[in-house]
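What follows is a short report on a single structure.
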Amino acid sequence: MNTKKIHLISGITITIFIGLHLFNNVCSIFGATKHIEIMQILRLFYRNIFIETILLFAVLVQIISGLKLFKSYRNTAISNFEKLHIWTGLYLAIFFIIHLSAILGGRYFLHLDTNFYFGVAGLNAFPFNLFFVPYYAIAIISFFGHIACIHHKKMKHNIFGLTPNIQSIIIVIFGICFTILMFYGLTNHFNGVKIPSEYNVLIGK
Ligand code: HEM
């Protein structure tokens, strides 16, 4: 099996989780309690040794195969979508390493429940938000951007008169709107979230 095929299979596996995960995060617009309630239901699906091992292995495969693809396409990517494809991929690889180290570190070293408050502590505290706002925003937009590029490559037909080019741009715009909506929820409608004291260790308190 070649690298592209491996990357596609691990990518589809991860996308199932990310779809659920981003849905969970956007539900924060209904409040932290609702977010945690939904996470507890979703955890029944992914927080078990079987699914989590598959997921973490798929992420590892995605990073390694992705970096290999980045190296071989870096000099031949010409169109805007080809460039967006490789650069969003590179960002996602870096993001995965940091995000998963943080989650696993939080769970096994700090012994914290890596719930809503763990995810948004830095997002709601100055100066940490100077890092966390672009860090999360670029990740979510990169995820939709990466999908838009695959769509652009594979799609051959117009939908409702819209060319594959326009369809792909719509996916990117949707990703940007989705990110803003999620931030609206994760920062309690931009007013900030009150972080429980056990998470203060994350924001140097
Ligand atoms: C603002 C955006 C995000 C926040 C606040 C966030 C927060 C979190 C939290 C709190 C967990 C732990 C889940 C648990 O303990 O059940 C987690 C896990 C994870 N997140 Fe995110 N995340 C965000 C965006 C993303 C994005 C964009 C991706 C991928 C592109 C991603 C991929 C993952 C993965 C793969 C896990 C590990 C799941 C596991 O094995 O437990 N996250 N995230």
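The values are calculated or read from the model by the stated rules, or taken from the named source; none is laboratory data. Here the structure is a predicted model, which is why all the values come from computation and not from measurement. Positions of Cβ are backbone-derived with ideal geometry, glycine not excepted, and every protein chain shown enters the neighbour counts.
Can you tell me which residue among ALA125, ALA137 is hydrophobic (A, V, I, L, M, F, W, C), touching a residue at least 60 places away in the same chain (Cβ under 8 Å) and within 14 Å of the ligand (Cβ to nearest atom)? It is ALA125. Within the range 74-96, being closer than 20 Å to ILE14 by Cβ and touching a helix residue (DSSP H, G or I) at 6+ places or on another chain (Cβ under 6 Å) holds for LEU84, HIS85, ILE86, THR88, GLY89, LEU90, TYR91, LEU92, ALA93, PHE95, PHE96.
Within the range 102-122, restricting attention to residues that are farther than 17 Å from LEU186 by Cα and aromatic (Phe, Trp, Tyr), the residue that is farthest from the ligand (Cβ to nearest atom) is PHE109.
Going through (1) in contact (Cβ under 8 Å) with a residue 60 or more places away in the chain; (2) more than 19 Å from SER168 (Cβ to Cβ); (3) out of contact with any Asp or Glu (no Cβ under 7 Å at 6 or more places or on another chain) one by one, LEU112 falls short only on (3).
Number of residues in the range 42-71 that are more than 15 Å from the ligand (Cβ to nearest atom) and in contact (Cβ under 8 Å) with a residue 24 or more places away in the chain equals 4. Which of the residues belonging to the range 148-205 are within 14 Å of the ligand (Cβ to nearest atom), closer than 20 Å to THR114 by Cβ and small (Gly, Ala, Ser)? Across the range 148-205, the qualifying residue is only GLY185.
Out of the residues in the range 23-35 meeting the condition of being in a helix (DSSP H, G or I) and more than 13 Å from the ligand (Cβ to nearest atom), tell me which one is surrounded by the most Cβ atoms within 10 Å (Cβ to Cβ). Per the criteria, the residue is LYS34.
Whenever a residue of the range 173-202 is aliphatic (A, V, I, L, M) and at pLDDT 95 or above, its partners that are within 12 Å of the ligand (Cβ to nearest atom) and part of a loop (DSSP other than H, G, I, E, B), lying with C-beta atoms within less than 7 angstrom and at least six residues away or across chains, give the pairs VAL193/THR187; ILE195/ALA121; LEU202/ALA121. Are any residues in the range 82-127 among the aromatic types (Phe, Trp, Tyr), more than 20 Å from GLN62 (Cβ to Cβ) and crowded, with 16+ Cβ neighbours inside 10 Å, and if so, which ones? Listed by number, the residues that qualify are PHE116, TYR117, PHE118.
Test ILE38 against the criterion of being part of a helix (DSSP H, G or I) and within 10 Å of the ligand (Cβ to nearest atom), and give yes or no. It is false that ILE38 is part of a helix (DSSP H, G or I) and within 10 Å of the ligand (Cβ to nearest atom).
Among residues of the range 1-37 being aliphatic (A, V, I, L, M) and under 17 Å from the mean Cα position of the chain (by Cα), the one that is farthest from PHE96 (Cα to Cα) is VAL26.
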